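Every number here is computed from the coordinates shown, using simple stated rules; none is lab data. Just so it is clear, the model here is predicted, and its values are computed rather than measured. Note: ideal-geometry Cβ built from the backbone for every residue, glycine included; neighbour counts use all protein chains shown.
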Amino acid sequence: MKYTAIISEIEDGWFMGQCEQVPGAITQGRSIKEVEENLKEAISLVLECERDFFRKQYEGKKYLVSEIAMA
């Protein structure tokens, strides 16, 4: 799966990046490459937290919770 990173230069040579498809995936770094690497981790963490949150919401209810892998 590919995500779009929006990266902007902020101050003192730092860059800020965010992923519009994954609200909350925001990071910063001293280079664009560092921001891209940090965003990969941020996206992963946000999706993991969201998955855990929603699993708990439906736990014990009459729903089937299934994981779908994206290539």
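Among TYR63, TYR3, the order by Cβ neighbours within 10 angstrom, fewest to most, reads TYR63, TYR3. Please grab the % of Cα pairs in region 5-58 that end up more than 13 Å from each other. Taking all Cα-Cα pairs of region 5-58, the fraction more than 13 Å apart is 56 percent. Panel order for VAL22, VAL35, by other beta carbons found within 10 Å of each beta carbon, from fewest to most: VAL22, VAL35. In this Cβ point-charge picture (+1 for Lys and Arg, -1 for Asp and Glu), region 5-58 has a dipole of about 320 debye about its Cα centre. Near GLY13, once Lys and Arg are set to +1 and Asp and Glu to -1 for all other residues with Cβ below 14 Å from its Cβ, the sum equals -2.
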